[in-house]
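The values are calculated or read from the model by the stated rules, or taken from the named source; none is laboratory data. Being a predicted model, the structure only gives us computed values, none of them experimental. Glycine also receives a Cβ, built like all others from the backbone with ideal geometry; neighbour counts cover every protein chain displayed. To get the accessible areas, we keep the full protein, side chains included, count just its heavy atoms, and leave off ligands, DNA and RNA. Shrake-Rupley method; radii C 1.70, N 1.55, O 1.52, S 1.80 Å.
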Amino acid sequence: MQKSSHRTIEACAYDGLIHESLISQADLATALQESLQGSTDLEALLIRKYRIPKAALGRILSAFFDCPYIPHDGRTLANPQLLKNLSKDYLRNHHWVPLKQQDDILDVLIDNPHDLEKGHDIRRSFPGLTIRYAIGLRCDIERFLNDTIGDTDSGSIEDTLGELVHDAYQEQSLDSSSDDIDENDSAIVRLANQIIAEAFKHDASDIHIEPYSDRKETAIRFRVDGTCSTYMRIPATYRRALVSRIKIMSGLDISERRKPQDGKIRFKMSQDREIDLRVATVPTAGNNEDIVMRLLSAREPLPLDAMEFEPATLATLLAIAEKPHGIILCVGPTGSGKTTTLHALLRHLNTDERKIWTAEDPIEITQEGLRQVQVHPKIGFTFASAMRAFLRADPDVIMIGEMRDKETADVAIEASLTGHLVLSTLHTNGAVETVVRLLDLGCDSFNFADAMQGVLAKRLCKRICVSCKDAYHPSAQEYDSLVHGYGEQAWESLGLSYCEDFQLYRGRGCDACKQTGLKGRVALHELLRGSDELRNLIQNRAKTMEMQNLASKEGMITLVQDGILKVLAGLTTYEQVRTVAMR
């Protein structure tokens, strides 16, 4: 009976695939017949043999059953307590799993909400609750079960979360704002360690721990490829204990909750692998504290050749880096790769003939041959004071982590005018804006004009997933958008006309990129070179537009233009370029 019922449902549920031209009617009929005769279910056949994307399959089933579709993403976890009295083999054979319970509502992930037998079983297992169904593919339901049940000896984050959930049920009588829960509790210690390990495994750049008031669960979010998403949630009872544990690991004062604190964690991943994390705490509403941890690379510097510079931009950058004195600035928003780029440049300059000093906060990348210094603003050892010390220590090249104020900028300009090459970073939108920003800080326009050798602006743009990249012929409107973004006169020099052979690229979506079509990031660059004409404009405090027009006339490739060149090369999409580089 179940197989016959399932056959009737399948005959209708997948018609949407035909309407969307994802499969022909004949192929769907063949697949249905094959699934009934063999050991492979229809979903698996459609995904593996007929190459139907999982996201499309989930969307079609969601529309048919009028239920939300929940894919397996490694972040949503089923509540282990709900599975305590259920047979795991039964759940695997019948393709459903309870996800979470909120008050008297139970969310259940199931492959077929219309299956009456499964519905009766669910209601018998959870009497008195309102059942709310969500659609899941059978392969994903299996993965949800594996994640939740897991291996009891593996010490997984799911096991720890299950232990916390179990304890939270027992602690429901406690006030969620109490401090009775110990930050040294073994489950809390393991959870803090596992969150960091999971973030590293997912290539996250930042971890956000976000507690809420009342009994709302604490959100753990990861930033991956520039985008934040919720990875997991933990019971509200443990919010203080987790925050205190992170503060202990960072060497911070756990009794101080009223003001922000900064710290650092050196975390041992394995016998021969350590990572550093920069930790910031921020007091938030409800007498809570948020924690943001940035995972620092602590690795060898990349070579400049690996940073995907346009050949003309790289040649110009190397030419100005060989100057014996002057200032080279790398600018962009937080997390755009400024420090990584400066260390790549230092790697090029790092020869036995040069003495190189760096002042950083924190030291993210180390390389032999550099004399690297950690600044400590709290004791008065700032970037400016570090640079003054370097000037008495026979430098050839000086790298300052960031120009945060006029004092640091003035000392850097003075050093560059007295025979030293100075590298530094600044938080600005673009290369030309950097010049205006420093002049607005109060720097002397004549001294800065003489000192400036170049300003390199950076952005990181999402990359097309290499596992599912597809070429396609764009519409005329897409082509016109590229021409307009690049500039019509400049576009003519590329010699690319709209024809049948003109191709762009995009990602179809696959498991490797979690169906987004995007995985990893590619750098966009804009290099402003300090020419004689530009120095005259700086000395006269010319308007931003005048300097921008001169730079373009002298051949500067802008961030948008560099992005479009990478669109044409199949590395990213114009939509992603517009997201990070359009002004």
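Determine the per residue accessible area of region 32-146 with all protein chains present and a 1.4 angstrom probe, expressed in square angstrom. For region 32-146, the solvent-accessible area averages 49 Å² per residue. With both labels modelled 7 Å from their Cα along Cα-to-Cβ, the ASP444 to ARG578 distance reads 4.7 nm.
Unpaired Cys in the chain, meaning no second Cys C-beta under 4.7 Å: CYS12, CYS67, CYS139, CYS228, CYS330, CYS443, CYS461, CYS499. Taking the C-alpha atoms only, the angle from helix 406-416 to the longest principal axis of the chain is near 60 degrees.
Across every pair of non-identical alpha carbons in region 506-583, the mean reciprocal distance, once inverted, gives a Kirkwood radius of 14.6 Å. Which lysines have a Cα lying under 29 Å from the Cα of LYS406, excluding residues fewer than 8 positions away in the same chain? Within reach: LYS259, LYS264, LYS323, LYS338, LYS355, LYS378, LYS458, LYS543.
Compactness of region 283-342 is given as radius of gyration and Dmax, 17.6, 55 Å, from Cα positions.
Calculated over the chain, the projected area of the Cα convex hull averaged across directions stands at 31.8 nm². Estimated at 0.36 nm per residue, the fully extended path between SER213 and LEU494 surpasses their Cα-Cα distance by 95.5 nm. Both the radius of gyration and Dmax for region 318-476 are 17.4, 61 Å, in that order, over alpha-carbon atoms.
Three principal axis extents of region 407-554 based on alpha-carbon atoms, in descending order, are 54, 36, 24 Å. Rolling a 1.4 angstrom probe over the protein heavy atoms with all chains in place gives region 292-442 an accessible area of 42 Å² per residue. Put simply, region 21-116 fits an ellipsoid with semi-axes of 28, 16, 12 Å; these come from the alpha carbon gyration tensor as the roots of five times its eigenvalues, largest first. Please work out whether region 205-281 counts as rounded, prolate or oblate from its C-alpha gyration tensor, where a ≥ b ≥ c are the square roots of the eigenvalues and a/c under 1.5 means rounded, while otherwise a/b larger than b/c means prolate and anything else oblate? Because a/c hits 1.5 or more and a/b fails to exceed b/c, region 205-281 counts as oblate.
Please report the projected area of region 534-578's Cα convex hull averaged over all directions, in nm².
Value for region 534-578: 3.7 nm².
In the chain, carbon and sulfur make up what percent of the accessible area (probe 1.4 Å)? With neighbouring chains kept in place, the figure for the chain is 47 percent. Compute the long axis of helix 431-440 from its Cα atoms, compare it with the longest principal axis of the Cα atoms of the chain, and write down the angle in degrees, 0 to 90, nearest 10. With both axes taken from Cα atoms, the answer is about 60 degrees. The candidates HIS525, HIS325, arranged from most to least accessible area with a 1.4 Å probe in the full protein assembly, appear as HIS325, HIS525.
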